[in-house]
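The values are calculated or read from the model by the stated rules, or taken from the named source; none is laboratory data. All values reported here derive from a predicted model rather than from experimental measurement. Cβ atoms come from the backbone with ideal geometry, glycine included; neighbour counts cover every protein chain shown.
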Amino acid sequence: MTKAELVAEIAKKSKLSKADAERAINSFVDVAKKTLKKEARLALAGFGTFVVSKRKARKGRNPRTGETIKIKASKVVRFKAGKALKEKL
Amino acid sequence: MALTKEAIINSIYNQVGLSKSQSRIVVEKLLEIIKETLKSGENILISGFGKFEVKEKSARRGRNPQTTEDLQLRARRVVVFKTSGVLRNSINKQS
């Protein structure tokens, strides 16, 4: 399911126009991103938690040329499904 | 911190101009639809944010690390989240 289909479903189920539903989803995603950037954690009760975890810088190797390269420290977003979601599946 | 849902509801209220209760309904419905879709085994793609995928795990033998007791882990389904490139870049930018 893509965002467009999601918009249509939400509009139907919450009796909103598609335009409003789309704006609402965009706002949702927007806040979610900002929260992750700022606080590195986003918990949605009954759904799950997003956590930003840090990866240290490490050395890697280009498998094709055998050349050693440096991989910079980075951050990744991890999602942990909540209990309600896990049980549903 | 379960406050994040409230923060999202507030932002929809402020940015989109829906009422508080409508904003709350949208958020709840959104999560509900995502859950139902995943339950049906279908993946969800939210462009600019990420993708939720359902993965089938087959049964395997496990062990309770605390009691070292052997146990059978049933076949089950799990949700995997893949971060979109856009989000990954934006998170790594100001570090």
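Name the residues in region A:23-46 that are farther than 14 Å from residue B:11 by Cα and in a helix (DSSP H, G or I), would you?
A:36, A:37, A:38, A:39
Quick check: is even one residue across region B:13-34 over 23 Å from residue A:84 (Cα atoms), among the aliphatic types (A, V, I, L, M) and out of contact with any Cys (no Cβ under 9 Å at 6 or more places or on another chain)?
yes
Would you say residue B:17 is more than 7 Å from every other protein chain (Cβ to nearest Cβ), surrounded by fewer than 16 Cβ atoms within 10 Å (Cβ to Cβ) and either under 28 Å from residue A:20 (Cβ atoms) or at pLDDT 90 or above (or both)?
yes
Can you name every residue in region B:2-44 that is at positive phi and under 18 Å from the mean Cα position of the chain (by Cα)?
Residue satisfying the conditions is B:41 alone.
Output yes when any residue across region A:63-72 is under 19 Å from residue B:86 (Cα atoms) and modelled with pLDDT of 90 or more, and no when none is.
no
Taking the options A:43, A:24, A:57, A:19, name whichever one is more than 10 Å from every other protein chain (Cβ to nearest Cβ) and either small (Gly, Ala, Ser) or without any contact (Cβ under 8 Å) to a residue 12 or more places away in the chain (or both).
That would be A:57, the only listed residue that is more than 10 Å from every other protein chain (Cβ to nearest Cβ) and either small (Gly, Ala, Ser) or without any contact (Cβ under 8 Å) to a residue 12 or more places away in the chain (or both).
If the requirement is being within 17 Å of residue B:77 (Cα to Cα), more than 8 Å from chain B (Cβ to nearest Cβ) and not β-branched (Val, Ile, Thr), which of these qualifies: A:86, A:80?
None of the other options fit; the residue is A:80.
State which residue pairs qualify: first residue more than 7 Å from every other protein chain (Cβ to nearest Cβ) and inside region B:28-40, second residue crowded, with 21+ Cβ neighbours inside 10 Å in any location, beta carbons under 6 Å apart, and separation of 6 or more residues or different chains.
B:34/B:44
Considering only residues of region B:1-14 that are among the aliphatic types (A, V, I, L, M), within 19 Å of residue A:46 (Cα to Cα) and at the interface with chain A (Cβ under 7 Å from one of its Cβ atoms), which is surrounded by the most Cβ atoms within 10 Å (Cβ to Cβ)?
B:8
When residue A:75 is evaluated against the numbered criteria (1) without any contact (Cβ under 8 Å) to a residue 40 or more places away in the chain; (2) part of a strand (DSSP E or B); (3) under 21 Å from residue B:7 (Cα atoms); (4) at the interface with chain B (Cβ under 9 Å from one of its Cβ atoms), which criterion, by number, is the only one it fails?
Just one mismatch for residue A:75, condition (3).
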